[in-house]
Amino acid sequence: MKKAFITGVTGQDGAYLSEFLLNKGYEVHGMKRRSSLFNTDRIDHLYQDPHIKDRNFILHYGDMTDSTNLIRLIQEIQPDEIYNLAAMSHVQVSFETPEYTGNADGLGTLRILDAVRLLKMEHKTKIYQASTSELYGKVQEVPQSETTPFYPRSPYAVAKMYAYWITVNYREAYGMYACNGILFNHESPLRGETFVTRKITRAAARIALGLQEKLYLGNLDAKRDWGHAKDYVRMMWMILQAEVPEDWVIATGTTTPVRDFVRMSFAELGIELAFEGEGVNEKAYIKYCSHPDYQLELGKEVLAVDPMYFRPTEVDLLIGDASKAFNKLGWKPEYELKDLVKEMVTSDLNLMKKDKHLQNGGYAIYNYFE
Ligand code: NDP
Ligand code: GDR
């Protein structure tokens, strides 16, 4: 039985990857952080009681900023494959926590690579590094491929650039099987609530049910190449099964403005929006609602721009060219954007119906959005 070690197991990708590897017959070890509240919501369905013998899903406490902890875990687990997914992954938050982001996302990757080297496991253990399309940053060329130059535009992207190159360097210097997956944005119902897609699908459901008045967003003109996380975790595994360790772009090859993602999400609920104005003055109103259950007043303003969501430096346009992965590994995404939007809106609507139910029963519902 192969053993995999996943850092960031409690995140969106960690959850889907765990499920994928368990289905492939792996023994999966995941690293979670100590938190004052339970932080395992996304993987609770996979949880196995520690008192059960022969578990194949095992969680360990750890942190990307703690070298001795990482060395001990890798020594104890003896993984065949490490998927380094742990990171402070929010671009805007990285402007507020730049040093921590550099430590966890940049140096954290070095700690994993060096632990494998120190333990003399460089010919046993393969390493996948979660690199990102944010590396491309300021537009140099489109579509972006493995040969497009990097121009990172946030502390997050700069930290990930260090992680990218230290992965390449350890591969070249020590013959390690270490690869970068340069993944473009990928989303799902498990996406963190403060990333733009989930913020939108959640708000659309809440507005339809009368739980929220308005959605505030930042730059509606930003364009992203959005795929489904399920397609992308499959590719993480495929990358580590290739004969030769290399770096790979993973993307759908289509790009969509944030504004259109908003339009599509509300349309999924039978709500048509009308947009008016530009820049900070842009707003959207309810133009039409075909759903009999939603009591929405036509003309009601449901979206406004708030500059607090603008970033000091923005990444305007991402569109990936994944032809290397298509041609050499035979990877193709199974989901289209419309399927992704539908799945996310349906999931959030079901979640929010629970809140509505509680509200109707007299319980307080708290709004928290950032
Ligand atoms: P999430 O933010 O959903 O998950 C991040 C994970 O990292 C969580 O498990 C989090 O733990 C953990 N983590 C954060 N900091 C530390 C730390 N110091 N020590 C240990 N664990 C830590 O991210 P995604 O699942 O979306 O992304 C996975 C990886 O892929 C990330 O590295 C991200 O930067 C990268 N990436 C993501 C893309 C995307 O579109 N989703 C695209 C390209 C790259 P906790 O739950 O406790 O917060
Ligand atoms: P991104 O994702 O920065 O691309 O990083 P995010 O969803 O945060 O932003 C996408 C675009 O939407 C614009 N935007 C807003 N973003 C957020 N979060 N909230 C808003 O209110 C809002 N309004 C507009 C942003 O300015 C941006 O242009 C994600 C993360 O998963 C990274 O870890 C990963 O590396 C990259 O994708 C690929």
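Cβ-Cβ distance below 6 Å, separation of 6 or more or different chains: which pairs start in segment 118-132 with a residue that is of a type in the set (F, W, Y) and end on one that is assigned to a strand (DSSP E or B) and within 16 Å of ligand 2 (Cβ to nearest atom)? Close Cβ pairs satisfying both conditions: Y128/Y83. Of all residues in segment 71-93, those that are more than 12 Å from H29 (Cβ to Cβ) and touching a residue at least 24 places away in the same chain (Cβ under 8 Å) have Cβ atoms under 7 Å from Cβ atoms of residues that are basic (K, R) and within 16 Å of ligand 2 (Cβ to nearest atom), 6 or more apart or on another chain, in V91/R311; Q92/R311. When the criteria are applied in full, T201 fails the requirement of being in contact (Cβ under 8 Å) with a residue 12 or more places away in the chain, surrounded by fewer than 20 Cβ atoms within 10 Å (Cβ to Cβ) and either in contact with a helix residue (DSSP H, G or I) (Cβ under 6 Å, 6 or more places away or on another chain) or over 23 Å from S323 (Cβ atoms) (or both). Applying the criterion of at least 2 residues that are of a type in the set (D, E, K, R) to the strands (runs of 3 or more DSSP E) found wholly in segment 229-315 leaves 271-276, 283-289.
The residues of segment 98-110 that are more than 10 Å from ligand 1 (Cβ to nearest atom) and either in contact (Cβ under 8 Å) with a residue 24 or more places away in the chain or surrounded by 21 or more Cβ atoms within 10 Å (Cβ to Cβ) (or both), listed by number, are P98, G102, G106, L107, L110. Failed condition for C179, given (1) in the same structural domain as I43 (by the TED database); (2) assigned to a helix (DSSP H, G or I), with all others met? Looking at each condition in turn, C179 falls short on (2). Looking across segment 182-211, the residues that are within 11 Å of ligand 2 (Cβ to nearest atom), under 13 Å from the mean Cα position of the chain (by Cα) and of a type outside the set (D, E, K, R) come down to I182, L183, F184, N185, H186, G192, T194, F195, V196, T197.
If I filter segment 351-365 for residues that are in contact (Cβ under 8 Å) with a residue 12 or more places away in the chain, buried (at least 17 other Cβ atoms within 10 Å of the Cβ) and β-branched (V, I, T), do I get at least one hit? Scanning segment 351-365, I find no residue that is in contact (Cβ under 8 Å) with a residue 12 or more places away in the chain, buried (at least 17 other Cβ atoms within 10 Å of the Cβ) and β-branched (V, I, T), so the answer is no. A single member of L59, L119, L70 is assigned by the TED database to the domain that holds G30, buried (at least 23 other Cβ atoms within 10 Å of the Cβ), within 13 Å of F5 (Cβ to Cβ) and modelled with pLDDT of 95 or more, and it is L70. Considering (1) free of Cβ contacts under 8 Å to residues at least 12 places away in the same chain; (2) within 15 Å of ligand 2 (Cβ to nearest atom); (3) of a type in the set (G, A, S), say which one G137 fails and leave the rest. Of the numbered conditions (1) free of Cβ contacts under 8 Å to residues at least 12 places away in the same chain; (2) within 15 Å of ligand 2 (Cβ to nearest atom); (3) of a type in the set (G, A, S), the odd one out for G137 is (1).
When V158, V142, V168 are checked against the criterion of being in a helix (DSSP H, G or I), modelled with pLDDT of 95 or more and away from ligand 1 (no atom under 14 Å from the Cβ), a single residue qualifies: V168. A search for C-beta distances below 6 Å between a residue of segment 211-223 that is more than 19 Å from H186 (Cα to Cα) and any residue that is away from ligand 1 (no atom under 16 Å from the Cβ) and assigned to a loop (DSSP other than H, G, I, E, B), counting only pairs 6+ apart in sequence or on different chains, returns Y216/D306; G218/F310. Would you check if L46 is surrounded by 12 or more Cβ atoms within 10 Å (Cβ to Cβ), closer than 23 Å to Y232 by Cα and under 19 Å from the mean Cα position of the chain (by Cα)? When the stated conditions are applied, L46 does not pass them. Counting residues in segment 226-234 that are crowded, with 21+ Cβ neighbours inside 10 Å, of a type in the set (G, A, S) and away from ligand 1 (no atom under 16 Å from the Cβ) gives zero.
Considered as a group, the residues in segment 110-134 that are more than 19 Å from V233 (Cβ to Cβ) and in contact with a Gly (Cβ under 9 Å, 6 or more places away or on another chain) include one that is farthest from ligand 2 (Cβ to nearest atom), and that residue is H123.
The values are calculated or read from the model by the stated rules, or taken from the named source; none is laboratory data. What you see is a predicted model; the values in this text were computed from it and never measured. Because the Cβ atoms are built from the backbone with ideal geometry, glycine has one as well, and the counts that use them run over all protein chains shown.
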